[in-house]
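Just below is one structure, and these are the notes that go with it.
The values are calculated or read from the model by the stated rules, or taken from the named source; none is laboratory data. Since the model is a prediction, treat every value here as computed from it, not as a measurement. All Cβ positions, glycine included, derive from the backbone under ideal geometry; neighbour counts span all protein chains shown.
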Amino acid sequence: MTRESGRYKGKRVIQGGRAQVRTVLYMAMMSAMQCNPVFKATFRHLVKAGKPKKVAIIACVRKMVVILNSMLRDGVMWDANTAKN
């Protein structure tokens, strides 16, 4: 949940939800950005585009969740070539 009111123009802060899940996903992405070329390239691209580092990390987490959900749906293993899309 984001905390917004009216025409709020400041930085948005995430609150609520499952803190343990957020922590696990964040730490998994920190490791993935070091070892996985797909997420490393995505992170670098976002930072180069001017995004703050924490915003870029969370964007990579979202990409990871989408990829993992599609892998489960289709019953396939990791393939770096299809993950680049």
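Each row is one residue, and each column tells you yes or no for (1) over 19 Å from THR23 (Cβ atoms); (2) part of a helix (DSSP H, G or I); (3) of a type outside the set (D, E, K, R); (4) at pLDDT 90 or above.
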| residue | (1), (2), (3), (4) |
| --- | --- |
| PHE39 | no, yes, yes, yes |
| THR42 | yes, yes, yes, yes |
| VAL47 | yes, yes, yes, yes |
| ALA56 | no, yes, yes, yes |
| ALA59 | no, yes, yes, yes |
| ARG62 | no, yes, no, yes |
| ILE67 | yes, yes, yes, yes |
| TRP78 | yes, no, yes, no |
| THR82 | yes, yes, yes, no |
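Against the conditions (1) modelled with pLDDT under 90; (2) surrounded by 16 or more Cβ atoms within 10 Å (Cβ to Cβ), GLY17 satisfies every one except (2).
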